[in-house]
Amino acid sequence: MKLVGLSKSYDRVMALDDVSLQMGVGEFIALRGPSGAGKSTLLYVVAGLLDPDAGSIEVAGRDVSKMSGFEKTRFRKEVIGLVFQDARLIPYLDIRENIVVAGGDQNRADQLIVSLGLEGRISHIPGELSAGEQQRVGLARALIHCPELVLADEPTGNLDDVSTEAVVFGLRNYVKDGGSVLVVTHDPRVLAEADRVISLEKGKISL
């Protein structure tokens, strides 16, 4: 991933101010900073969910900033795995169905279910799961297509120790298998696993 000169403003407030960042394949980067620093905005711009006002975004050799809306949707499905602070599961689908809802290999889903400690909950719907279990399902859904880059926004923000450990384990294993992770976090347990920790303050990277 290569970001060059990214800028994004909301009503004259600079959420991102000339941000440049390079990330290697198989790298785990944690992004921290105070509330309102632009961390989530950066993730959404990289994912093509928000358009930058200026700058370029290259992921897997493709320029996201020049894609059409349709191309961005296909790009996210093929290249990006998204993990939000709330799992955003479909309430009437069980665990396996939520993981493969946008397509994906059933065997791969079952492997992820076991690796994330969810094998005893397969038949359950989201309302029957704890917040931590729901987040693990959300992570499995993000990993089902073996994306090149996972973008995670405070994935352990509201979790207990057991679920946090499972999520961190899942992200670290994914990196060991050659994927890359960019995660927004304040969690010291996640920060400790990162290859690099980068601070963002007032829309700028602080070294």
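The values are calculated or read from the model by the stated rules, or taken from the named source; none is laboratory data. What you are looking at is a predicted structure, and each value in this text was computed from that prediction instead of being measured. Every residue, glycine among them, receives a Cβ derived from its backbone with ideal geometry; neighbour counts consider all protein chains shown. What goes into the accessible areas is simple: the full protein's heavy atoms, side chains included, and nothing from ligands, DNA or RNA. Shrake-Rupley method; radii C 1.70, N 1.55, O 1.52, S 1.80 Å.
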GNM result for the chain, Cα springs below 10 Å: residue of Leu116, Leu129, Leu139 fluctuating most strongly: Leu129
For the chain, with +1 on Lys and Arg beta carbons and -1 on Asp and Glu, the positive-most of Ile90, Gln111, Gly5 along the dipole: Gly5
Accessible area per residue in Å² at 1.4 Å probe, computed on segment 48-104: 54
Antiparallel DSSP beta bridges within the chain, as percent of all bridges there, nearest 5: 45
Only Lys, Arg (+1) and Asp, Glu (-1) charged, at Cβ; segment 1-52 dipole about Cα centre in debye: 100
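Tell me the mean residue ellipticity at 222 nm calculated for the chain from its helices only (DSSP H runs of n ≥ 4, each -39500 (n - 2.57), averaged over every residue, nearest 500).
-9500 deg cm²/dmol
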Tilt relative to the chain, helix 131-143 - C-alpha long axis, 0 to 90 degrees, to 10: 70
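Using alpha carbons only, what's the Rg to Rh ratio of segment 135-193 with Rh from Kirkwood? Present the calculation step by step, with values, prior to reporting the outcome.
Details: Rg = 10.5 Å, Rh = 11.4 Å.
Rounded to two decimals, Rg over Rh is 0.92.
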Accessible-area value, Arg96, 1.4 Å probe, nucleic acids and ligands omitted, Å²: 70
Angle in degrees between helix 161-176 and the longest Cα principal axis of the chain, rounded to the nearest 10: 70
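Report the far tail of the P(r) of segment 1-76, meaning the percent of Cα-Cα pairs longer than 19 Å.
Roughly 33 percent, rounded to a whole number.
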Identified option (computed log10 I(q)/I(0) by the Debye sum over Cα atoms at q = 0.10, 0.18 Å⁻¹; candidates (i) -0.36, -1.27; (ii) -0.41, -1.27; (iii) -0.52, -1.37): (ii)
Segment 3-116, dipole about Cα centre (Lys/Arg Cβ +1, Asp/Glu Cβ -1), debye to the nearest 20: 60
Loop trypsin sites (Lys or Arg not before Pro), segment 1-90, which have at most 11 other Cβ atoms in a 10 Å radius of their Cβ (DSSP): Arg12
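Determine the dipole magnitude for the chain: charges of +1 sit on the beta-carbon of Lys and Arg, -1 on that of Asp and Glu, nothing else is charged, the reference point is the Cα centre, and the result goes in debye to the nearest 20. List each step's numbers first, then the result.
Numbers: 23 positive and 29 negative charges, 89 e Å.
The dipole magnitude comes to about 420 debye.
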Nearest 10 degrees, 0 to 90: helix 69-79 Cα axis against the chain principal axis: 60
Within a Gaussian network of the chain (alpha carbon springs, distance under 10 Å), most fluctuating of Ser40, Ser115, Ser123: Ser123
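Of the heavy-atom accessible surface of the chain (probe 1.4 angstrom), what whole percent is carbon and sulfur? Could the numbers behind the result be given before it?
Working: 4890 of 9910 Å².
That fraction is 49 percent.
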Segment 124-207 - share of DSSP beta bridges that are antiparallel (%, nearest 5): 40
